Amino acid sequence: MTGTHLGMPAFPHAAREAVRDEVLRANLRHATHTIRDKRARAVAELEDWDRLRAAGKAVKDHTLAHLDRYLLQLEAAVTAAGGTVHWAADADEANRIVTELVRATGEKEVVKVKSMATQEIGLNEALEAAGIAAYETDLAELIVQLGHDRPSHILVPAIHRNRGEIRDIFAAEMGAWGRPAPDGLGDDPRELAEAARLHLREKFLRAKVAVSGANFMVAETGTLVVFESEGNGRMCLTLPETLISVVGIEKVIPTFRDLEIFLQTLPRSSTAERMNPYTTMWTGVIDGDGPSVFHLVLLDNGRTDTLADAVGRQALRCIRCSACLNVCPVYERAGGHAYGSVYPGPIGAILSPQLRGTGSEIDATLPYASTLCGACYEVCPVAIDIPEVLVHLRERVAQGGPVTREGIRVRIRPADGHTAERAAMRAARLLLDRPGALRAGERLLARARRLRPRRLPGPGRAWTDSRELPELPERSFRDWWAAREKEARP
């Protein structure tokens, strides 16, 4: 996984700066509360939501268990329909494949449908280094690109911007990228949308090459599917002569019928709509209809290694709905940039450390970017138990142990900074294994309860900076129970 966001400080440091930004927190609070309230109403309309959720989980788990078979079936179906399939083991290989494909057309620019896979591998930067301009066409992605910014949300990448900031970005930057913003542009959403529409239309009509991702790939038919709300995807997927789709290998599903489940769960979980406004499907190429050349780049980039983890692999079920971000109290206060990844929020806290490994300071801190409240699990449309994976990854960070890297089983060392934690856990294990010592310790603490400090020393200081130590009872539960049993005897 490339370093589009790497080089940032670890999550605790980045979050500490973010929570001081009152404008950012207001933008996030308003947006996330609005989206999650609408989502709750949309989901409540379906009496069989729990069954749909279970069905989506089952389809994803079955596919991951037989991923090799379904990927080969997909390749055969896409090839039979006139497309060309490429396999990319990592970001560098994927970027090289796409760059060569664009160069082969003789074009110097591409239009893009919003794609987290291409952000993950840093494709825009790779194309720019090759002298090829990549234009984002999703409205929020356009705002991010014009603002020389980074996405901060899976569904709404510019969620950290308000409309006044967007107006200023359009007025200052649009002219350098194409058609300038109208004079006297205001911050009314309709004006901003119209300015973006006019700016993008000339790019849609001129572009010969488009790059997309996909929400799903159907192994049975070789069909790729994109869900979107603005129509920019439809323009990119139908007007250019060449279409290049970069898609993570986990996005495959077995049959066209399976798509029925996600057509109901994804729109409600993401945009809180019963059905997304635009669902575009394409199967290879057809003479006189859409692009005449289609390339599918299947991206691994750490996914096979993630699949080897019996607990962590459930992160690959993710359908990128962003529901977990909108209910997360940590994301709401810290924002997406603090996660140092194109995958922010709870899903990013479990996906990025698996795709990239926990070797960097930022990836080693991501599993701790959670209160473990479980709200993310409750809203996930494919029932990813994010708290379970977070605890699993915390153990990996603190203890080290065996993991799979580039298909090879290796043993990693514990991350720096967890020596005191490991010592405390070993001490707790020794004490809990000795009931007599535990009972003596409880009685000693009860007698010394008036000497309880307000703050812990050393490594415990950070914990008590924002919390109070609990009051100690006069006697332990064991002693209370023994006295109760004694009183109850005849």
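The values are calculated or read from the model by the stated rules, or taken from the named source; none is laboratory data. Here the structure is a predicted model, which means the values were calculated and not measured. Don't worry about glycine lacking a Cβ; one is built from the backbone with ideal geometry, like all the others, and counts go over all protein chains shown. Please note that ligands, DNA and RNA were not included when accessible areas were found on the heavy atoms of the full protein model with its side chains. Shrake-Rupley method; radii C 1.70, N 1.55, O 1.52, S 1.80 Å.
Here are some notes:
- For Lys203, the conditions (1) open to solvent by less than 10 Å² (accessible area, probe 1.4 Å); (2) assigned to a strand (DSSP E or B) all hold with the exception of (2).
- Residue in the stretch 135-148 that is of a type outside the set (A, V, I, L, M), open to solvent by 10 Å² or more (accessible area, probe 1.4 Å) and out of contact with any strand residue (DSSP E or B) (no Cβ under 8 Å at 6 or more places or on another chain) present: yes
- Any chance Val98 is in a helix (DSSP H, G or I), open to solvent by less than 50 Å² (accessible area, probe 1.4 Å) and either modelled with pLDDT under 95 or within 28 Å of Leu263 (Cα to Cα) (or both): no
- Filter result for the condition that a residue is assigned to a helix (DSSP H, G or I), surrounded by 10 or more Cβ atoms within 10 Å (Cβ to Cβ) and at pLDDT below 85, over Ala482, Ala420: Ala420
- Among residues of the stretch 223-238, those that are outside any helix (DSSP H, G or I) and either among the aliphatic types (A, V, I, L, M) or farther than 17 Å from Asp138 by Cβ (or both), counted: 4
- A single member of Asn232, Asn215 is of a type outside the set (A, V, I, L, M, F, W, C), over 24 Å from Gln314 (Cβ atoms) and in contact with a helix residue (DSSP H, G or I) (Cβ under 8 Å, 6 or more places away or on another chain), and it is Asn232.
- The single residue among Leu438, Leu390, Leu451 that is loosely packed, with under 11 Cβ neighbours inside 10 Å and either over 18 Å from Gly359 (Cα atoms) or of a type in the set (A, V, I, L, M) (or both) turns out to be Leu451.
- Of all residues making up the stretch 239-279, the number that are more than 21 Å from the chain's Cα centre (by Cα) and part of a strand (DSSP E or B): 5
- Considering (1) touching a residue at least 40 places away in the same chain (Cβ under 8 Å); (2) among the aliphatic types (A, V, I, L, M); (3) open to solvent by 10 Å² or more (accessible area, probe 1.4 Å), the lone condition that Ala310 does not fulfil carries the number (1).
- Restricted to the stretch 331-413, the set of helices (runs of 4 or more DSSP H) holding at least 1 residues that are of a type in the set (Ser, Thr, Tyr) comprises 345-356, 361-365, 375-379.
- Scanning the stretch 131-184 for residues that are within 16 Å of Leu198 (Cα to Cα), under 19 Å from the mean Cα position of the chain (by Cα) and in a loop (DSSP other than H, G, I, E, B) yields a total of 1.
- Complete set of residues in the stretch 280-307 that are modelled with pLDDT of 95 or more, part of a strand (DSSP E or B) and either open to solvent by less than 20 Å² (accessible area, probe 1.4 Å) or not polar (S, T, N, Q) (or both): Thr280, Met281, Trp282, Val293, Phe294, His295, Leu296, Val297, Leu298, Leu299
- Arg422 vs. criteria within 27 Å of Asp300 (Cα to Cα) and not aromatic (Phe, Trp, Tyr): no
- Ala126 vs. criteria part of a helix (DSSP H, G or I), open to solvent by less than 40 Å² (accessible area, probe 1.4 Å) and in contact with a Lys or Arg (Cβ under 9 Å, 6 or more places away or on another chain): yes
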